[in-house]
Amino acid sequence: MKSSLEETLLSSIRNIPDYPKPGIMFRDITTLLGNAGAFRRSIDELVHPYAGLKVDKIAGIEARGFILGGAMAHQLSAGFIPIRKKGKLPHETVRVAYSLEYGLDEMEMHKDAVKEGEKVILVDDLIATGGTAQGAVKLLRQMGADIVAACFVIDLPDLGGRKKLEDLGVTVRTLVGFEGH
Ligand code: AMP
């Protein structure tokens with residue numbers, strides 16, 4: 001019997017306690033990516049609402065967002081935009097500071113990666129506090145992107161990231177949620 005998407009996701013995501021530091025439960029999607037059926041079903045589910053919408057580009061957040069975003073872009077016949085940690089992109093970039101649990105970091109996107117009015121879907125593996133995704137939304141909007149939605153395999157609702165994006169007027173789509181952090 002075919003299991004539900006939720007069962008498939010819950011059984012294919014590996015939970016690693018106290019990584020990268022004590023008190024954090026790391027939700028490891030490498031096991032999901034290594035499971036052909038779970039990977040395909042996740043991508044199918046992520047793109048499902050946008051088939052036929054003529055999405056121009058998928059923007060993926062380094063690094064796990066690249067893997068999901070590449071597959072989504074292929075399925076939607078869209079282009080792909082890498083959003084990277086500062087200093088990694090070779091051409092002219094726009095840069096934004098974003099909040100991490102402790103302190104700030106910066107991320108960048110090529111200035112010519114998106115054109116005014118293009119329909120873009122943002123993707124990452126997981127949304128926690130929403131700081132990373134919020135930074136990516138700022139970059140994309142700065143260059144005139146029309147953000148159709150932000151998609152994540154995993155939501156940690158207790159950390160409030162979804163709400164933060166929704167307050168910016170971004171539609172958020174997640175496949176599975178875990179309590180706590
Ligand atoms: P945030 O900016 O707080 O929403 O954090 C999201 C980013 O950090 C994503 O790129 C995630 O891959 C990563 N992340 C945060 N918390 C976890 C966690 N518990 N397990 C796996 N990745 C996480």
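The values are calculated or read from the model by the stated rules, or taken from the named source; none is laboratory data. Please read all numbers here as calculations on a predicted model, not as lab measurements. Ideal geometry is used to build each Cβ from the backbone, glycine not excepted, and the neighbour counts take in all protein chains shown. Keep in mind that these areas ignore ligands, DNA and RNA; they rest on the heavy atoms of the full protein, side chains included. Shrake-Rupley method; radii C 1.70, N 1.55, O 1.52, S 1.80 Å.
Normalised by the number of residues in the range 53-177, what is the relative contact order in percent for Cα pairs under 8 Å and 6+ residues apart? Let's see the in-between values first.
Working: 273 pairs, mean separation 28.8, N = 125.
Here the relative contact order equals 23 percent.
Could you go through the range 125-141 in sequence order and give the Karplus-derived ³J(HN,Hα) for each residue, using 6.51 cos²θ - 1.76 cosθ + 1.60 with θ = phi - 60°, rounded to whole Hz, and x for Gly and Pro?
Values per residue, Gly and Pro as x: 6, 8, 10, 10, 7, x, x, 5, 5, 4, x, 5, 4, 4, 4, 5, 5 Hz.
Given a cut-off of 21 Å, what percent of all Cα-Cα pairs of the range 10-101 lie beyond it?
In whole percent, the long-distance tail amounts to 47.
Excluding ligands and nucleic acids, what accessible area in Å² is computed for Lys85 using a 1.4 Å probe, to the nearest 10?
Accessible surface of Lys85 is approximately 90 Å².
Enter the per residue convex hull volume of the range 53-177, computed from alpha-carbon coordinates, in Å³ rounded to the nearest integer.
On the way: hull volume 11.9 nm³, N = 125.
Value for the range 53-177: 95 Å³ per residue.
Ignoring everything except DSSP H segments at least 4 long, calculate the 222 nm mean residue ellipticity for the chain; use -39,500 (n - 2.57) per segment, divide by total residues, nearest 500. If you can, show how the numbers build up before the last one.
Working: 6 runs with 56 residues, N = 181.
Per the formula, -9000 deg cm²/dmol.
With every protein chain kept in place and ligands, DNA and RNA left out, what is the accessible area per residue of the chain? Probe 1.4 Å, answer in Å². Show your work: numbers first, answer last.
Details: 9160 Å² over 181 residues.
Ligands and nucleic acids excluded, the result is 51 Å² per residue.
Counting only protein heavy atoms, what percent of the accessible surface of the chain is carbon or sulfur at a 1.4 Å probe? Don't skip to the end; give the middle numbers.
On the way: 4710 of 9160 Å².
Accessible surface attributable to carbon and sulfur in the chain totals 51 percent.
Quick check: residue separation of Gln142 and Leu10 times 0.36 nm, minus the Cα distance between them. What number comes out in nm? Could the numbers behind the result be given before it?
Numbers: separation 132, 0.36 × 132 = 47.52 nm, distance 3.61 nm.
Between Gln142 and Leu10, full extension yields 43.9 nm more.
Using a 1.4 Å probe and ignoring any ligands, DNA or RNA, find the accessible area of Thr171 and quote it in Å² to the nearest 10.
80 Å²
Taking the Cα centre of the chain as origin, sum charge times position over the Cβ atoms of Lys and Arg (+1) and Asp and Glu (-1), and report the length of that vector in debye to the nearest 20.
On the way: 23 positive and 24 negative charges, 66 e Å.
Its charge dipole is roughly 320 debye.
With 18 Å as the limit, write out which pairs from Lys88/Lys163; Lys54/Lys85; Lys57/Lys138; Lys111/Lys138; Lys21/Lys164; Lys115/Lys164 have Cα-Cα distances beyond it, or answer none.
Numbers: Lys88/Lys163 30 Å; Lys54/Lys85 28 Å; Lys57/Lys138 16 Å; Lys111/Lys138 13 Å; Lys21/Lys164 25 Å; Lys115/Lys164 25 Å.
Result: Lys88/Lys163; Lys54/Lys85; Lys21/Lys164; Lys115/Lys164 exceed 18 Å.
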